[in-house]
1. Across the stretch 13-41, what is the total count of residues that are in contact with a Phe, Trp or Tyr (Cβ under 9 Å, 6 or more places away or on another chain) and in a helix (DSSP H, G or I)?
2. So the check is Cβ under 6 Å with 6+ separation or different chains; which pairs have a first residue in the stretch 13-29 that's without any contact (Cβ under 8 Å) to a residue 12 or more places away in the chain and a second one that's surrounded by 13 or more Cβ atoms within 10 Å (Cβ to Cβ)?
3. Name every residue in the stretch 42-67 that is in a loop (DSSP other than H, G, I, E, B) and either surrounded by 15 or more Cβ atoms within 10 Å (Cβ to Cβ) or touching a Ser or Thr at 6+ places or on another chain (Cβ under 8 Å) (or both), in order of residue number.
4. Would you confirm, using the coordinates I've provided, whether ALA69 is over 16 Å from MET106 (Cα atoms) and modelled with pLDDT of 95 or more?
Amino acid sequence: MSKSKAQGTRWETYIVAQLNMRFMRGKRLPELGANDEGDIEFFDTHDKRWVIEAKATQTLNVTRVLGKAREKSRADFTVLFWKRLVKTGKKVRQADGEKEVVVMSMRDFLYLVRR
């Protein structure tokens with residue numbers, strides 16, 4: 001497994017663990033090529049299905065990645081979890097600035113705040 005693939009797998013596994021600690025039934029989704037829906041799914045307390053696109057990378061066009069994720073997910077809600085990693089003097093890339101960032105559409109945000 002490549003270094004970047006391993007970092008992505010660790011990031012997805014961490015997200016699933018955080019969801020499950022909060023009783024949200026998170027699980028990693030299999031990679032299905034053209035039928036891929038995203039990286040992780042979970043169901044909220046109203047049984048709405050959420051799909052997460054998880055990225056652990058230095059640069060990312062968040063609007064493009066979120067837009068593509070929404071197109072392919074077929075879920076009620078789709079969000080992007082981004083861990084921005086930069087090269088440092090150490091072997092492992094480190095998070096820069098905010099460690100974990102979640103990006104979502106305004107529609108999805110308004111769903112959350114009106115509950």
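1. Matching residues across the stretch 13-41 total 4.
2. The qualifying pairs are ASN20/GLY26.
3. ASP44, LEU60
4. Values: over 16 Å from MET106 (Cα atoms): no; modelled with pLDDT of 95 or more: yes.
Criteria not met by ALA69.
The values are calculated or read from the model by the stated rules, or taken from the named source; none is laboratory data. Values in this document were obtained by computation on a predicted structure and should not be read as measured data. Quick reminder, even Gly has a Cβ in these numbers, built from the backbone with ideal geometry, and neighbours come from all protein chains shown.
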